[in-house]
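Working notes, structure below.
A short reminder: the numbers here are calculations on the coordinates, not readings from a lab. Bear in mind the structure is a predicted one, so any value in this text is a computation, not a measurement. Note that we place each Cβ from the backbone using ideal geometry, even for glycine, and neighbour counts take in every protein chain shown.
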Amino acid sequence: MEVQKYLVKLENSELEAIQISNLFCEALISLHGAQVLKFHSKKCNKDLLWLSDLAKFETGKAIRGGIPLCFPWFGGHPTDANLPAHGFARNSLWQLKDITEDTAGHHVLIELTDTAATRQLWNYAFKLQMLIHCGEELKLEFKLQNLDQHAFEFTFAWHSYFPVVTQHASVLGLQDTHYIDQLDENKVKTQTSQGIEFTAETDRVYPKTSGKFIIQQNGENHIQIQSTAKSAVVWNPWIKKAERLADVANDAWQEFICVETGQIASEKVSLDAGETVQYQLSIATA
Ligand code: BG6
């Protein structure tokens, strides 16, 4: 494996990333967080991910944009509010294990295992691998092995940021499902409309979905998302919350929405000692 030729430094940072360029796409993947930061489809000449102009590339800090991974918990920690929001995977330095290339594109394997630091936050032995396939589509595989002597529970999400004109975007695929409205005392509501449109701050967890979504822009299909994981989250900070986020420009709430996929709330996963579980996500132009 000759990986050196793929490695670059992130802007104004010591953090390393993998730069992929092939017939199908251009991609940039940060080893910090195993986070895909950019994916440009050559076929459609389209960026499929949004990365904040104000994103910071610093050890231990989440990068705003692309696909951060929330693990081993989504959102606030269930019992200890002092622990990092969305877990530690997005704030950790992962290890590059392999990069291969074939006629379908590049395949990048990155791994995170428990350390003294992760055990302070979550006291289990584990191996988490992210396999990232950069081809005509962007495909991610999450493969988690419980290396502990005890079963553990986890929630997770691929917190994907998609480039859209927010007020002209709509998310299809969630009609008739229930959601937890995180902006209204976590009330459980039903998605009645076919598409979710954005007219205010939006922060909803949909525990059980089909895993298939389309983002439309001005009524035209824009991006398609498919996941074997059951839950979804739809988020946009809108004006006031964007002002509070130091790494989002004040008017950048108009440039992206998050449609996240994972296992959350009622879909929390319990994994026995020695067992492995896998989930897939694919993102493509629609
Ligand atoms: C979403 C949550 O998934 O992530 C929101 O539902 C949260 O409540 C958002 O504000 C961003 O979180 P963070 O930690 O990356 O600022």
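The table for this structure:
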quantity: Residue-count net charge about W73 - beta-carbon cut-off 14 Å; Lys, Arg +1, Asp, Glu -1; calculated: -2
quantity: Under the Karplus curve 6.51 cos²θ - 1.76 cosθ + 1.60, θ = phi - 60°, whole-Hz ³J(HN,Hα) for segment 118-124, x wherever Gly or Pro sits; calculated: 5, 5, 5, 9, 7, 8, 9
quantity: At R0 = 51 Å, FRET efficiency that the Cβ-Cβ distance of K189 and K42 yields, to 0.05; calculated: 0.80
quantity: Label-to-label distance, nm, for residues given as L54 and E101 (7 Å Cα→Cβ offset); calculated: 3.8
quantity: Ordering of 5-17, 125-137 by burial proxy (mean other Cβ atoms within 10 Å per residue, highest first); calculated: 125-137, 5-17
quantity: Rel. contact order, % - alpha carbon contacts under 8 angstrom, at least six apart, segment 4-285; calculated: 18
quantity: Relative contact order [Cα under 8 Å, 6+ residues apart], segment 1-127, whole percent; calculated: 18
quantity: Shape parameters for segment 12-73, alpha-carbon atoms, Rg then Dmax in Å; calculated: 12.2, 36
quantity: Length gained when the stretch L245-E153 is fully extended (0.36 nm per residue, less Cα-Cα span); calculated: 30.1 nm
quantity: Residues with amide H under 5 Å from that of G76, placed H, sequence gap 5 or more; calculated: H86
quantity: For the chain: Kirkwood Rh in Å [reciprocal of mean 1/r, alpha carbons]; calculated: 19.2
quantity: Gained length - A117 relative to E11, 0.36 nm times residue gap less alpha-carbon distance; calculated: 35.5 nm
quantity: Sequence ranges 64-71, 224-231, 18-25, ranked by mean other-Cβ count within 10 angstrom, highest first; calculated: 64-71, 224-231, 18-25
quantity: FRET efficiency, Q278 to E201 (Cβ-Cβ, R0 41 Å, nearest 0.05); calculated: 0.75
